[in-house]
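A short worksheet on the structure shown next.
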Amino acid sequence: MIKKIGVLTSGGDAPGMNAAVRAVVRTALSKGMEVYGVHKGYVGLISGNIVKMDERSVSDIIHRGGTILSTARCPEFRTEEGVEKARKKCEEIGIEGLVVIGGDGSFRGAADLSAKGVLCIGLPGTIDNDIACTDYTIGFDTAMNTAMELMDKLRDTSQSHDRCSVVEVMGRNAGHIAVNTGIACGATDIITVEAPYDLDVIAKSMLEKRAKGKQYFVVVVSEGIGHTEEIAKVLQEKTQIETRATILGHVQRGGSPTLRDRVEATRMGYYAVELLEQGIGNRVVGIKDSKIVDYDIQEALSMKKEYDSHLHRIAEEIAF
Ligand code: ADP
Ligand code: F6P
């Protein structure tokens, strides 16, 4: 029976990470385990920035964005020496299991630590929803809702000025935030890495729509495309429609998590501790078809995430 576990957040923060930390801590305590919070991801695991958590350590955090444990990127953990230092720290404290809340990179680190005997469970925490073994990642819903609200504001001003708003949303190389927020905001076009695009075609269709009375335009660009300002410039040149570029940026990573993020984070956090309780490690937890699932970390990392091309086509078909 596992007696002591740790929990950390790693990589980019995401709204709902706190709800996951809370669920892990409270579930572990309810099962009679000791639980330790590791500050600043793998950086804190190596340096020993680790504190014992109790019932009150996670009070009043379920509605807060960010992560109370702080997060970091840790180049040292990519080395054998770094992982060995972390293993030793776990051994010193007696931590036998660890819940790692982060993205693919964090799971690679968790696999390395699992290979050294510390049972690690990965929970998908990233706004990008770019983790293949799960339909859903913690933070995705909040980030999309934030982007949607901001885009609604851009619509207002674009409409007043008969302009085109070219809006860049986050997602690293994945277009999941772009395609969903594009649909939700009635974007005229959505440009993502996953779908081919042609600025000549977009400009031509904007002019056709303008000729039929369309007043203003919203074009959503996924971050992975990489040159939103340039796209805005080219569209303005090709259409003579006044265009502005807006990069939404890190506001999309903040804010109080939505109900969905809180609930899914809690379900996954609870399940992670159940796995550890059974002495199971080296797994990534996810949600498929609304059910909780878990995969071997290497298997999870080798999976390929589907892009919802159908949703993208629907958006294009009904953007008059
Ligand atoms: P994310 O977890 O969101 O994908 P990163 O890719 O920045 O974020 O990874 C977070 C941390 O995970 C890195 O700073 C590093 O400590 C660890 N990590 C990333 N890739 C690896 C790897 N290939 N091997 C071991 N650890 C890794
Ligand atoms: O992975 C989350 C994310 O916000 C991506 O959407 C974005 O590409 C990246 O992190 C930004 O990272 P940083 O916080 O290091 O600027």
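The values are calculated or read from the model by the stated rules, or taken from the named source; none is laboratory data. In this text the structure is predicted, and so the values were computed from the model without any measurement. Cβ coordinates were reconstructed from backbone atoms using ideal geometry, including for glycine residues, and neighbour counts include every protein chain displayed. Each accessible area value is taken on the protein alone, full model and side chains, heavy atoms only, with ligands, DNA and RNA left out. Shrake-Rupley method; radii C 1.70, N 1.55, O 1.52, S 1.80 Å.
Tabulated results
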{"quantity": "Förster radius 25 Å - calculated FRET efficiency between residue 259 and residue 172, Cβ distance, rounded to 0.05", "calculated": "0.50"}
{"quantity": "0 to 90° range, to nearest 10: angle between helix 228-239 axis and the chain longest Cα axis", "calculated": "10 degrees"}
{"quantity": "Accessible area expressed per residue, the range 21-136, with surrounding protein chains retained (probe 1.4 Å, Å²)", "calculated": "39 Å²"}
{"quantity": "Accessible area in square angstrom per residue, the range 187-242, 1.4 angstrom probe", "calculated": "50 Å²"}
{"quantity": "For the range 150-162, 3J(HN,Hα) per residue [Karplus equation, 6.51 cos²θ - 1.76 cosθ + 1.60, θ = phi - 60°, Hz, x = Gly/Pro]", "calculated": "5, 5, 4, 5, 5, 4, 3, 6, 5, 5, 4, 9, 6"}
{"quantity": "For the range 266-279, Karplus couplings with θ = phi - 60° (6.51, -1.76, 1.60), whole Hz, Gly/Pro x", "calculated": "5, 4, 5, x, 4, 5, 4, 6, 4, 4, 4, 4, 8, x"}
{"quantity": "Placed amide H near residue 70: partners under 5 Å, 5+ positions off or other chain", "calculated": "40"}
{"quantity": "Percent accessible area from carbon and sulfur atoms, the chain, protein chains only, probe 1.4 Å", "calculated": "49 percent"}
{"quantity": "Environment charge of residue 79, counting only residues whose C-beta is closer than 12 Å and scoring Lys/Arg +1, Asp/Glu -1", "calculated": "-3"}
{"quantity": "Cα-based helix-to-principal-axis angle, 80-93 vs the chain, degrees rounded to 10", "calculated": "50 degrees"}
{"quantity": "Nitroxide proxy distance, nm - points 7 Å out along Cα→Cβ at residue 318 and residue 79", "calculated": "5.4 nm"}
{"quantity": "Mean ellipticity per residue at 222 nm, deg cm²/dmol - from DSSP H runs of n ≥ 4 across the chain, formula -39500 (n - 2.57)", "calculated": "-13500 deg cm²/dmol"}
{"quantity": "Packing rank of 248-256, 15-23, 277-285, where each peptide gets the mean count of other beta carbons within 10 Å, highest leading", "calculated": "15-23, 277-285, 248-256"}
{"quantity": "Separation between Cα centres of the range 192-211 and the range 90-105, rounded to whole Å", "calculated": "47 Å"}
{"quantity": "For residue 287, net neighbour charge (Lys/Arg +1, Asp/Glu -1) across residues whose Cβ lies under 11 Å away", "calculated": "0"}
